[in-house]
Amino acid sequence: MKRSPALKALSIDHHHGLVLAHKAKKAAAQELSGNELQAIWMELQEHADAVLAAHFEIEESYIAAAFAAFGDPHLIQLADRLTAEHAALRQLLSPDTPRNAANLKQLGELLQQHIRFEERELFEAAQTALDEDTLQAIATACDARHN
């Protein structure tokens with residue numbers, strides 16, 4: 001299915017996220033010095049602060065909330081997975097999580113898996129289930145975060 005224009009900004013975020021996920025997994029597999037490893041962590045944290053926080057908020061506020069309100073078990077399952085994976089990603093990016101290779105690998109793998117889920121399942125369902133007003137609200141929220 002062709003991507004709705006309302007979701008394109010989120011899909012562009014996903015492209016950048018996949019690049020970072022690949023970079024994280026590759027860095028975790030190499031024997032990097034502490035400074036090199038920390039530089040990757042810093043790049044991921046900057047991306048989380050600049051992009052992911054607003055991205056997650058939009059998906060949770062508009063897509064997950066709408067799916068939960070529909071009462072459809074499949075849509076509720078998708079919303080639950082979305083919020084659970086966002087929580088796991090937030091935890092991996094929290095200051096309490098050790099900035100080591102094992103956690104970097106876990107973060108890279110989860111981020112890649114999560115993005116694939118959103119593109120292949122969540123967004124496909126959103127394009128079908130959400131009305132035009134909700135889709136437009138998503139597009140407006142995406143535009144607002146860049147201004």
Tell me which trypsin sites (Lys or Arg not before Pro) from the stretch 1-104 have a DSSP coil assignment and no more than 10 other beta carbons within 10 Å of their own. K2
How much length is gained on full extension from D133 to A69, taking 0.36 nm per residue of separation minus their Cα-Cα distance? 21.5 nm
Scaled radius of gyration (Cα, divided by 2.2 N^0.38 Å) that the chain gives: 1.09
Starting from the 7 Å offset along Cα-to-Cβ, what nm value, one decimal, do you get for the label separation of D96 and E46? 2.7 nm
MRE, 222 nm, helices only [DSSP H, n ≥ 4, -39500 (n - 2.57), over the chain, to nearest 500]: -23000 deg cm²/dmol
Which one of A39, A64, A21 has its Cα pushed farthest toward the positive end of the charge dipole of the stretch 5-145, where Lys and Arg give +1 and Asp and Glu give -1 at the Cβ? A39
About the Cα centre, charge dipole magnitude for the stretch 5-145 (Lys/Arg +1, Asp/Glu -1 at Cβ), debye: 560 debye
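All of the numbers you see were taken from the coordinates with simple rules; none came from a lab. Keep in mind that this is a model prediction, so the values were computed, not measured. Heads up, the Cβs are rebuilt from the backbone with ideal geometry, glycines too, and the neighbour counts pull from every protein chain shown.
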